[in-house]
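Heads up: the structure comes next, in structure tokens.
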Amino acid sequence: MEVEMDSMAAAIGVSVPVLRFLLCFVATIPFSFLCRFVPHGLPKNLYSAAVGVILSYLSFGLSSNLHFLIPMSLGYASMLLYRRRCGILTFFLGFGYLIGCHVYYMSGDAWKEGGIDATGALMVLTLKVISCAFNYNDGLLKEERLRESQKKNRLVKLPSLIEYIGYCLCCGTHFAGPVYEMKDYLDWAEGKGLWSTEAKGRSASPFGATLRAILQAGFCMGLYLYLVPYFPLSRFNDPIYQDWGFWKRLGYQYMSGFTARWKYYFIWSISEASVIISGLGFSGWTETTPPKPRWDRAKNVDIIGVEFAKSAVVLPLVWNIQVSTWLRHYVYDRLVQNGKKPGFFQLLATQTISAIWHGLYPGYIIFFVQSALMIAGSRVIYRWQQAVPPAIKNVLVLINFAYTLLVLNYSCIGFMVLSLHETLASFKSVYFVGTIVPIAMILLGSIIKPGKPVRSKARKEQ
């Protein structure tokens, strides 16, 4: 068996641990399909938990399940023993343990060299544990003090232990997401809410959407395998890269970022297929005629939305969608004081938490600080767009698109190479253009303040 794994891994150019993970990851699709036939309630919770444990063991070994057990135990104990502060307590305990694992394993180096360990799955699991604790904490508060998302996701009753484990490990969704709420999981497992026969009135077939996600995954992996030999990250340390002119180096940075993204598109397409086929990804019906099922809960990326983003502001809405939603609900919104508007502090704090969640590499920190600058600069351009006549507005839309394309692909080099030296060297090779431009936009925004948005004559008459 080991010999066969070695030959298979060599044939597709990956290590044996990565091949083992990929096989288990793809296996989440048939296991999730079988989950459709498991009765609601305790059987579905048991099945979800058992499949998650088995796939984790086959992917990473016994140690992975022991690692997962620690934040899960800390979160459940916090809810059980200290409900009034269980959210913030679990946040610091969960992140503390995750940071410890990041420091010990330094997983970024392994991922960069084609290795794998359980830290990536632990990252997803940490977010699930924290959101569950916050929602149980919110169950104590009066509804008038809560935001709409808090009202929707609050937990009045403590989930049972088997419900909690099923939620955390559901059919391997902790491998790469998507992150979802305990309230939604409980409704799905018990056949309530959106998943009750009475509520939906008709059956939402997942098969078309699942097939689309699988075909998308195949395309993404094929394109990634085709492009990656032409745009390796090692080229940034190659003397030939330094001999190129400014525009060629900038173009190579764009293609490196573009190539790397298809790997993530592949992973998220597989996880999307798994969550859709289980039924958990169902999120209601469209208002079209005839109505079509929506699978937004399973969606982690909008590929077209990322590659053709008209503004950096929309990137969190189309890239790693469920994690971005988590950051908004459990970091960004909760840092805003009642009666006050969010500002750059909330944005920077949220991006910093996101960087720490990914790992304590300088490249991650730099990327997410850059992201905060990128979004802030894009907001300035957007405000100008709203305050000028349509003819000039179209020019500013194009400028915002070009700005987003430039700064995103410049910034993501740090996310890929991770080390401080390589990140700064790549930035320096293009004269820090992707840092200077956002800062210049922010400064110009404080000087050139737009007036009120221009409205059409017809709208004024209304």
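Summary table
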item: Residue satisfying all of: in segment 89-114; at pLDDT 95 or above and over 16 Å from HIS67 (Cβ atoms); most open to solvent (accessible area, probe 1.4 Å) among these; result: PHE92
item: Residues located in segment 260-285, provided they are part of a loop (DSSP other than H, G, I, E, B) and touching a Pro at 6+ places or on another chain (Cβ under 8 Å); result: GLY279, GLY281, PHE282
item: Per-region count, segment 134-163, residues β-branched (Val, Ile, Thr) and free of Cβ contacts under 8 Å to residues at least 60 places away in the same chain; result: 1
item: Residue satisfying all of: in segment 420-433; without any contact (Cβ under 8 Å) to a residue 60 or more places away in the chain and open to solvent by 40 Å² or more (accessible area, probe 1.4 Å); nearest to ILE365 (Cα to Cα) among these; result: LEU420
item: Odd one out for LYS341 among (1) in a helix (DSSP H, G or I); (2) charged (D, E, K, R); (3) over 14 Å from the mean Cα position of the chain (by Cα); result: (1)
item: From ILE399, ILE413, ILE442, ILE436, residue being assigned to a helix (DSSP H, G or I), crowded, with 18+ Cβ neighbours inside 10 Å and among the aliphatic types (A, V, I, L, M); result: ILE413
item: First in segment 164-175 and on the phi < 0 side of the Ramachandran plot, second anywhere and small (Gly, Ala, Ser) and buried (at least 24 other Cβ atoms within 10 Å of the Cβ), Cβ under 6 Å, 6 or more apart; result: GLY166/SER48; LEU169/GLY52; CYS170/SER48; HIS174/ALA121; PHE175/ALA121
item: Count of residues meeting criterion [open to solvent by less than 30 Å² (accessible area, probe 1.4 Å) and not in a loop (DSSP other than H, G, I, E, B)] in segment 25-47; result: 8
item: Selection status of SER78, at pLDDT 95 or above, closer than 23 Å to SER56 by Cα and either hydroxyl-bearing (Ser, Thr, Tyr) or not in a helix (DSSP H, G or I) (or both); result: no
item: Answer residue from segment 1-14, given it is closer than 20 Å to LEU55 by Cα and not in a helix (DSSP H, G or I) and is modelled with the highest pLDDT among those; result: VAL14
item: Set ILE240, ILE162: member being open to solvent by 50 Å² or more (accessible area, probe 1.4 Å) and among the β-branched types (Val, Ile, Thr); result: ILE240
item: Where ILE130 falls short, out of the listed (1) over 20 Å from ILE270 (Cβ atoms); (2) open to solvent by 30 Å² or more (accessible area, probe 1.4 Å); (3) under 20 Å from the mean Cα position of the chain (by Cα); result: (2)
item: Where ASP296 falls short, out of the listed (1) open to solvent by 40 Å² or more (accessible area, probe 1.4 Å); (2) out of contact with any strand residue (DSSP E or B) (no Cβ under 9 Å at 6 or more places or on another chain); (3) under 21 Å from ARG212 (Cα atoms); result: (2)
item: Residue within segment 15-27 that is among the small types (Gly, Ala, Ser), modelled with pLDDT under 80 and within 28 Å of VAL331 (Cβ to Cβ) present; result: no
item: Yes/no for TYR252 being of a type in the set (Ser, Thr, Tyr), loosely packed, with under 13 Cβ neighbours inside 10 Å and on the phi < 0 side of the Ramachandran plot; result: no
item: Leading residue by the ranking (surrounded by the fewest Cβ atoms within 10 Å (Cβ to Cβ)) among those in segment 255-267 that are of a type in the set (A, V, I, L, M, F, W, C) and farther than 17 Å from ALA27 by Cβ; result: MET255
item: Qualifying position, being over 11 Å from the mean Cα position of the chain (by Cα), open to solvent by 20 Å² or more (accessible area, probe 1.4 Å) and either of a type in the set (A, V, I, L, M) or farther than 22 Å from PHE134 by Cα (or both), among LEU335, LEU317; result: LEU335
item: Residue ranges of helices (runs of 4 or more DSSP H) in segment 141-210 with at least 2 members over 25 Å from the mean Cα position of the chain (by Cα); result: 161-169, 197-200
item: Residue check for VAL380: among the hydrophobic types (A, V, I, L, M, F, W, C), assigned to a loop (DSSP other than H, G, I, E, B), at pLDDT below 95 and over 22 Å from PRO232 (Cβ atoms); result: no
item: Some residue of segment 358-375 being hydrophobic (A, V, I, L, M, F, W, C), within 19 Å of the chain's Cα centre (by Cα) and assigned to a loop (DSSP other than H, G, I, E, B); result: yes
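For every residue, the table says whether it meets (1) within 28 Å of GLY218 (Cβ to Cβ); (2) touching a residue at least 60 places away in the same chain (Cβ under 8 Å); (3) out of contact with any helix residue (DSSP H, G or I) (no Cβ under 9 Å at 6 or more places or on another chain).
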residue: PRO17; (1), (2), (3): yes, yes, no
residue: PRO30; (1), (2), (3): yes, no, no
residue: LEU42; (1), (2), (3): no, yes, no
residue: LEU46; (1), (2), (3): no, yes, no
residue: VAL53; (1), (2), (3): no, yes, no
residue: SER59; (1), (2), (3): yes, yes, no
residue: HIS67; (1), (2), (3): no, no, no
residue: TYR82; (1), (2), (3): no, no, no
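The values are calculated or read from the model by the stated rules, or taken from the named source; none is laboratory data. Given the structure is predicted, the values throughout are model-derived calculations rather than measurements. Because the Cβ atoms are built from the backbone with ideal geometry, glycine has one as well, and the counts that use them run over all protein chains shown. To get the accessible areas, we keep the full protein, side chains included, count just its heavy atoms, and leave off ligands, DNA and RNA. Shrake-Rupley method; radii C 1.70, N 1.55, O 1.52, S 1.80 Å.
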